[in-house]
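**Q** Handing you a structure now.
The values are calculated or read from the model by the stated rules, or taken from the named source; none is laboratory data. If you're wondering where the values come from, they're calculated on a predicted model, not measured in any experiment. Here Cβ is always computed from backbone atoms with ideal geometry, including for glycine, and neighbour counts include all displayed protein chains. Areas reflect the complete protein model, heavy atoms only, side chains present, ligands, DNA and RNA absent. Shrake-Rupley method; radii C 1.70, N 1.55, O 1.52, S 1.80 Å.
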Amino acid sequence: MKQFVTRRLGYSLLSLLVLSLTIFFFVRVTGDPAALLVEPGASEDDIAAIHHKFGLDKPLWAQYGLFMMSLLRGDFGQSFYYQTPVLDLYFDRLPNSLLLALVAMAFSLAVGIPTGILAAVRVGRFWDSAGKLFALLGLSLPSFFVGLVLILLFSVYLGWLPSSGSGGVLHILMPAFALGWYFAAAHMRLTRSSMLEVLGSEYVKLARLKGLPQSWVIGKHAFKNALIPVVTLAGINLVLMINVAVVVETVFAWPGVGRLLYEGISFRDFPVVQGIVIMGGTMIVVVNLLVDVVYAVIDPRIRLEK
Amino acid sequence: MQRDVTSAPGRNGLIPTRRELLALAALGMAAGVRPAVAAASGQLTYAVHISLAPTWFDPAETPSLVTPYMIYYALHDAVLKPMPGELMAHSLAESWSATEDGMTYSFVLRDGVTFHNGEKVTAEDVKFSFERYHGAAKGPLHDRVASVETPDARHVTFRLKNPWPDFLTFYAATTGAGWVVPKKYVEKVGDDGFKKAPIGAGPYKFVSFTPGVELVLEAYEGYWRKVPSVKRLVLKVIPEEATRLAALKHGEVDIAYSIRGELAAELRQTPGLTLKPVVIQSPFWLYFPEQWDAKSPWHDVRVRQAARLALDLKTINQALTAGYSRIHGSLIPDNFEFFWKPPEPVYDPEKAKQLLATAGYPDGFDAGFYNCDSSYANLAEATNNYLGAVGINAKLRPLERVSFNQQFMDKKLKNIIQAGSGSFGNAATRFETFVVKGGAYVYGNYPDLDAMFEQQAVELDHGKRAAILTKMQEILYERVIGTHLWQLAFINGVGPRVGESNFDRIAGFPYTAPYEDLTLKST
């Protein structure tokens, strides 16, 4: 077991190293941040001064070396734009992203699971078609479009909800819906297919043959087993919601990590983009590592695999 | 012997004459005694289009951008600064003078002006702020100043190494060097501490800042010019344009910056909301980088004239910025010192075709690429269509802004370039960057213009300098080195609670300064 954990840990660290290299060079391919920090028409001296200030006049390998050395000390650098440590910015925004992700997740599960069960139980009938339509729209409508339609309807025409920002319960409803719909659709589809699989299994047929009521068969026997892949997916989706709600957070001016990433990309703020991607990557790597370890604890065959 | 350099004539009304200066000095003295007005009250909320950066709280770091001045005008004050009707209004300085030889500039500070922490603004603070400045124009400014002397708390004297007619342009209008920060406080808290809790001498005090989210300011009731009418300003960052408009319609914000195109039309039709366009100091023009290549069609001035005549600028302006951008024919912003207004642009496609025919292109020609910053691809598309209609056939090549600027500067763009600039300065600084030899965006040069540029750079007589720069602009127009498209309008929305929004009061300035003049209808 110890060897397995060590090996997985090694893979995780390697993944993070590759991620750091990739994002470091990727952001630099996008262009020169200095050009976004000055008006068009600025002199070459202006631009050279910005390069020097941010260390962008050093060779690329030297920049990467400095970046990694800082990273190992837990220093993600200073934002070019905000002139503030990246970690401070990140942790200022993280609670907002967590809150939005949790509410959006609660919505997506509260809607996705019941509709998925209903669609599976009423397969081929009205509720199944309605569920499929719900999933189709949720998966295909861009979240910026959903966001703007919500703002138009609930803020401009009805005047019920604030259009943007954070601060109260009302502020979170529209962004949570816009973010959660896509995931609700994904959860609905997985619940439906998982339920259909379980409902067709031998033990469910036996339960029915025993004369158990339909609600008991679905609730007690089928649902619990069908839920396992949904919960696994929800866990991964939660990490994604925290880190990739870029569009929703931007449309609703929600002060989360996603909007910080958008700002970082918009202003070629390399340290911010690098920091957020590495933090997000670390979350995913840690979650995967924990899942692997838990699987290995449960199933000895996994840890014995070479 | 000292003389009042502002007495020179012919300054487009932007720089005061001697008589005006005396009047202004008198006004400045009078303004030192603050009128008794009611205390500030109410809150005004902005939807800001861009994330506010803490570097914008510190004038020492002023980049080559107009955006930080959105904050400076609230938090800080300057020795001289652009104000309504004046490019260099007396602010912390109640008067200034310069010696005949243009080597010494002296300022007298107002008595009793205080920073937000109650400390007096002194000559030492002015000197400290100048020396501390390390923004975009640090080189040209610091390299030319030999010393800054502070004989007493209210007098500051700048001694130059050589005569430099543009000293005040740079010190008072182009850079953050003249914006004054409290020396003792900055030394106590350090640069980073200052950005976290800035203290200035402006009409509004810093309350809180959440990066990327909002900035909260509160009226400084000890402000020398007047007590601000509005107690609290909240600048909320809302990056999405449609959301800004929704917030304005819903009454969550009172002023929304940057509402363009169809949304601007919608704003105009919404009862209770007011559209406030501001023509900023950002002209756009077509630049022909191959005019110096004898093999290129663009070498023939008739082809360039044809391009100018081919464009229906009024229709383009109407379609894209609801007619609010300004068409004046020049590559220089019309609010700049030494601006010369060319003849009114004319749309005459038939004459354009004739000119092309006489130049040897009766069937038009393949003009290669029309390069533009993709943010302004709508302007490029319209312009390119008009060029195509007379036979100048170019393929549109929109480039992402950074890439466009880089390629423009690296002289890698060919055929046609849609240029633009919002940088500060005057006519001379625009020539330096875009027209004469050595300029960052110059693909070729004309020796006579280069010589005239050198001549004006050391000319201390304002009238003679203006004459040279006027002549240079006439040549720029005659040779069609570039052809004007528009001077861009920055379109904003104002809600029903706002009394005086201040838009378009300071020439070319896109935001709502002076903040102390803002009013709410209910206050």
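**Q** On the basis of being more than 30 Å from A:G219 (Cα to Cα), assigned to a loop (DSSP other than H, G, I, E, B) and more than 18 Å from the chain's Cα centre (by Cα), does A:S164 make the cut?
**A** So A:S164 passes the test.
**Q** May I pose another question? Against the conditions (1) farther than 25 Å from B:P63 by Cα; (2) surrounded by fewer than 22 Cβ atoms within 10 Å (Cβ to Cβ), where does B:R465 fall short? Just the number, please.
**A** (2)
**Q** Please determine, by comparing only the residues of segment B:416-440 that are more than 11 Å from chain A (Cβ to nearest Cβ) and without any contact (Cβ under 8 Å) to a residue 40 or more places away in the chain, which one is most open to solvent (accessible area, probe 1.4 Å).
**A** The qualifying residue most open to solvent (accessible area, probe 1.4 Å) is B:K437.
**Q** Taking B:L215, is it under 30 Å from B:V121 (Cα atoms), under 26 Å from the mean Cα position of the chain (by Cα) and within 14 Å of chain A (Cβ to nearest Cβ)?
**A** It is true that B:L215 is under 30 Å from B:V121 (Cα atoms), under 26 Å from the mean Cα position of the chain (by Cα) and within 14 Å of chain A (Cβ to nearest Cβ).
**Q** Would you check which residues across segment A:278-290 are open to solvent by 40 Å² or more (accessible area, probe 1.4 Å) and under 17 Å from the mean Cα position of the chain (by Cα) and list them?
**A** Within segment A:278-290, A:T282, A:M283, A:I284, A:V286, A:V287, A:N288 meet the criteria.
**Q** Can I ask one more? When you go through (1) touching a Pro at 6+ places or on another chain (Cβ under 6 Å); (2) closer than 17 Å to B:A489 by Cα; (3) hydrophobic (A, V, I, L, M, F, W, C); (4) at pLDDT 95 or above one by one for B:V303, which number turns out not to apply?
**A** (2)
**Q** Can I ask one more? Considering each residue of segment B:305-350, count those that are aliphatic (A, V, I, L, M) and within 18 Å of B:G422 (Cα to Cα), and give that number.
**A** Of the residues in segment B:305-350, 3 are aliphatic (A, V, I, L, M) and within 18 Å of B:G422 (Cα to Cα).
**Q** Could you tell me whether segment A:140-153 includes any residue that is of a type in the set (F, W, Y), within 14 Å of chain B (Cβ to nearest Cβ) and not in a helix (DSSP H, G or I)?
**A** No: segment A:140-153 contains no residue that is of a type in the set (F, W, Y), within 14 Å of chain B (Cβ to nearest Cβ) and not in a helix (DSSP H, G or I).
**Q** Here's something else I'd like to know. Sort through B:K226, B:K205, B:K195, B:K249 and tell me the only one that's at the interface with chain A (Cβ under 10 Å from one of its Cβ atoms) and under 26 Å from the mean Cα position of the chain (by Cα).
**A** Going through B:K226, B:K205, B:K195, B:K249 in turn, the sole match is B:K195.
One line per residue, one yes/no per condition, for (1) in a helix (DSSP H, G or I); (2) under 27 Å from the mean Cα position of the chain (by Cα); (3) modelled with pLDDT of 95 or more:
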{"residue": "B:T157", "(1), (2), (3)": "no, yes, yes"}
{"residue": "B:T169", "(1), (2), (3)": "yes, yes, no"}
{"residue": "B:A172", "(1), (2), (3)": "yes, yes, no"}
{"residue": "B:E187", "(1), (2), (3)": "yes, no, yes"}
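**Q** What's the number of the condition A:F80 fails, among (1) modelled with pLDDT of 90 or more; (2) buried (at least 21 other Cβ atoms within 10 Å of the Cβ)?
**A** (1)
**Q** Here's something else I'd like to know. Going by the conditions given, is B:Y171 over 30 Å from B:P496 (Cβ atoms), among the aromatic types (F, W, Y) and open to solvent by 20 Å² or more (accessible area, probe 1.4 Å)?
**A** Here the answer is no, as B:Y171 does not meet what is asked.
**Q** Would you list the strands (runs of 3 or more DSSP E) that sit entirely within segment B:54-139 and hold 3 or more residues that are in contact with a strand residue (DSSP E or B) (Cβ under 7 Å, 6 or more places away or on another chain), touching a residue at least 60 places away in the same chain (Cβ under 8 Å) and more than 30 Å from B:S282 (Cβ to Cβ)?
**A** B:93-99
**Q** I've got another one for you. B:Q281 versus (1) within 10 Å of chain A (Cβ to nearest Cβ); (2) open to solvent by less than 50 Å² (accessible area, probe 1.4 Å); (3) closer than 17 Å to B:T45 by Cα; (4) touching a strand residue (DSSP E or B) at 6+ places or on another chain (Cβ under 9 Å): which is the lone unmet condition?
**A** Every condition holds for B:Q281 apart from (3).
**Q** Read through the list (1) at pLDDT below 90; (2) open to solvent by 70 Å² or more (accessible area, probe 1.4 Å), then give the number of the only condition that A:L158 fails.
**A** Among (1) at pLDDT below 90; (2) open to solvent by 70 Å² or more (accessible area, probe 1.4 Å), the lone unmet condition for A:L158 is (1).
**Q** If only one of B:V458, B:V442, B:V494, B:V402 is at pLDDT 95 or above and not basic (K, R), which one is it?
**A** Only one candidate passes the filter, namely B:V494.
**Q** Which is modelled with pLDDT under 95 and open to solvent by less than 10 Å² (accessible area, probe 1.4 Å), of B:T210, B:T243?
**A** Testing whether each residue is modelled with pLDDT under 95 and open to solvent by less than 10 Å² (accessible area, probe 1.4 Å) leaves just B:T243.
**Q** Considering only residues of segment B:441-454 that are farther than 19 Å from B:F338 by Cβ and more than 13 Å from chain A (Cβ to nearest Cβ), which is least open to solvent (accessible area, probe 1.4 Å)?
**A** Among them, the one singled out is B:G444.
**Q** Continuing with this model, one more query. Working only within segment B:468-477, note down all residues that are touching a residue at least 40 places away in the same chain (Cβ under 8 Å) and open to solvent by 20 Å² or more (accessible area, probe 1.4 Å).
**A** The answer is B:T470, B:E474, B:Y477.
**Q** What are the residue pairs meeting all of these: first residue in segment B:319-339, first residue within 20 Å of B:E474 (Cβ to Cβ), second residue open to solvent by less than 30 Å² (accessible area, probe 1.4 Å) and charged (D, E, K, R), Cβ atoms under 6 Å, and 6 or more apart or on different chains?
**A** Sorted first by the residue in segment B:319-339, then by its partner, the pairs are B:I332/B:R430.
**Q** Looking at (1) within 14 Å of chain B (Cβ to nearest Cβ); (2) outside any helix (DSSP H, G or I); (3) buried (at least 20 other Cβ atoms within 10 Å of the Cβ), which is the only condition A:G31 fails?
**A** For A:G31, the exception is condition (3).
**Q** Of the residues B:A47, B:A25, B:A78, which is modelled with pLDDT under 85 and not hydroxyl-bearing (S, T, Y)?
**A** Going through B:A47, B:A25, B:A78 in turn, just one is modelled with pLDDT under 85 and not hydroxyl-bearing (S, T, Y): B:A25.
The rows are residues; the columns are (1) within 14 Å of another protein chain (Cβ to nearest Cβ); (2) more than 30 Å from B:P211 (Cβ to Cβ); (3) open to solvent by 30 Å² or more (accessible area, probe 1.4 Å).
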residue: A:V198; (1), (2), (3): no, yes, no
residue: A:L206; (1), (2), (3): no, yes, yes
residue: A:G219; (1), (2), (3): no, yes, yes
residue: A:V239; (1), (2), (3): no, no, no
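**Q** For residues that are open to solvent by 30 Å² or more (accessible area, probe 1.4 Å) and acidic (D, E), scanning just segment B:333-383, find the one that is farthest from the chain's Cα centre (by Cα).
**A** Checked segment B:333-383; the qualifying residue farthest from the chain's Cα centre (by Cα) is B:D363.
**Q** Further question: Under 6 Å between Cβ atoms, which residue pairs at least 6 apart in sequence (or on different chains) link something in segment A:196-223 that is under 22 Å from A:G131 (Cβ atoms) with a partner that is open to solvent by 90 Å² or more (accessible area, probe 1.4 Å)?
**A** Filtered contacts from segment A:196-223: A:V217/A:R208.
**Q** Can you tell me which residue in segment A:227-237 is surrounded by the fewest Cβ atoms within 10 Å (Cβ to Cβ), limited to those that are touching a Leu at 6+ places or on another chain (Cβ under 8 Å) and either aliphatic (A, V, I, L, M) or free of Cβ contacts under 8 Å to residues at least 12 places away in the same chain (or both)?
**A** Checked segment A:227-237; the qualifying residue surrounded by the fewest Cβ atoms within 10 Å (Cβ to Cβ) is A:L233.
**Q** Can you find even one residue in segment A:255-268 that is within 25 Å of A:S15 (Cα to Cα), within 14 Å of chain B (Cβ to nearest Cβ), without any contact (Cβ under 8 Å) to a residue 60 or more places away in the chain and among the aromatic types (F, W, Y)?
**A** Among the residues of segment A:255-268, at least one is within 25 Å of A:S15 (Cα to Cα), within 14 Å of chain B (Cβ to nearest Cβ), without any contact (Cβ under 8 Å) to a residue 60 or more places away in the chain and among the aromatic types (F, W, Y), which makes the answer yes.
**Q** Further, regarding this structure: So if I check each of B:I280, B:I316, B:I255, B:I259, which one is farther than 21 Å from B:F369 by Cα, touching a residue at least 12 places away in the same chain (Cβ under 8 Å) and in contact with a helix residue (DSSP H, G or I) (Cβ under 7 Å, 6 or more places away or on another chain)?
**A** Checking each option against the conditions leaves just B:I259.
**Q** Would you be able to say whether some residue in segment A:101-110 is within 14 Å of chain B (Cβ to nearest Cβ) and open to solvent by 10 Å² or more (accessible area, probe 1.4 Å)?
**A** No - not one qualifying residue is present in segment A:101-110.
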